[in-house]
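This report refers to the structure that appears directly beneath it.
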Amino acid sequence: MLQRVANERYSHSDERGCKLSARLMLVYIVFGLMLRDRAPGLALAAATHSLLAFCLGWLAANRRRFYARHRELLLAAACLHVTWVSHTLALLGGTNLFAHSRGSPLLLLFATLVQNGGLWVGFYSIFTRLDAGWNRAALPLLALPPLLMTRRLCGRMMEAPGSGMPLRELYTVLEAAHSATIFPAALLPLPLEQGSSAEQQCATVSAWSLLLSAGALPLLVLHWLEKRRQRLLAVHRRQESAAGGPEAAAGLGASLPERPSPEGERRQQALQLRLQEQELHSWRPGPWWLLELYLASCQLWSLAALLRPLLPRW
């Protein structure tokens, strides 16, 4: 019940976000794909996402109950679609984004995140604020299609002039940073990396960045937010119970009636809104969040190296 109320409330921000995404994509289609690259086929492919975003914004505004009931599936489909669009533009577009790294390892890493889909899946999972259980099940599935396209993306990187040196520097830094002997990172054996080719280095970096930005980081952030939401919810329930007596406690308690009264629904929505505002303004992660993130990154670096030989060659 509370998740349905949250979905209805988040539909306001979803409407604005979807319409903004559609307009930004249209701007890129006109100025990037049509005027600069003169690629009508790619412009048509990108226009499908603009159309999808407009449709989702319309549903969020005009069919709010239907949108709230199916919000998770609709947004997951939109996330998969924008990942497909980004891969299509990266592989077939006239502009190779990797060529604009200017010899900088950080710019090369950013270009990798933009084109392998990790950035978009991370935005989807954090800013849509879907149920934590849904994200734990959905994020691995959303990360799987772009992970299978890693070698094709690396082939595109190898075509970019001047990408070899920043890739070697980036891989060397990441390899040194993740060569931790801290438990449990040392449990996953790393393959021998001496003499690894540029294509192998690219596959490891791309798979690691995808797994981190589309999996570990969003799940950690959502876990921290969920823990804080539960604490704030307990505080608000005690406050409402003290202010309104047993009726208020029943209206906001854990055992909600199947058909709450309009007054009870208004109380739930007001409570959720206060929780959201407090989360945005006063949320602070725990003191060990950097260590948790680093250990997760070490595990994912090892996993990326193990998965690299299994990635298909298209």
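Using a Förster radius of 35 Å, what is the FRET efficiency between residue 199 and residue 20 based on their Cβ-Cβ separation? Nearest 0.05, please.
0.40
Ranked by Cβ crowding within 10 angstrom, fewest neighbours first, how are 227, 19 ordered?
Ordered from fewest to most neighbouring Cβ atoms within 10 Å, 227, 19 come out as 227, 19.
Say a paramagnetic label sat at a point 7 Å from the Cα of residue 168, along Cα to Cβ; which residues of segment 99-121 have their backbone N under 15 Å from it?
Within reach of a label on residue 168: 103-105.
Multiply the residue gap between residue 144 and residue 44 by 0.36 nm, knock off their C-alpha separation, and tell me the result in nm, one decimal place.
This chain segment gains 33.5 nm when fully extended.
Please work out the FRET efficiency for the pair residue 62 and residue 230, using the Cβ-Cβ distance as r and a Förster radius of 41 Å; give the result to the nearest 0.05.
Once rounded, the FRET efficiency stands at 0.80.
Most exposed first by the Cβ proxy, i.e. fewest other Cβ within 10 Å, how do 294, 10 rank?
By the 10 Å Cβ count, ascending: 294, 10.
So for the pair residue 290, residue 81, with labels modelled 7 Å out along Cα→Cβ, what separation do we get in nm?
Going by the 7 Å Cα→Cβ label model, 4.1 nm.
Only the coordinates and a few stated rules stand behind these numbers; no lab work does. As the structure is a prediction and not an experimental result, all values here were calculated from the model. No Cβ is skipped: glycine too gets one built from the backbone with ideal geometry, and neighbour counts run over all protein chains shown.
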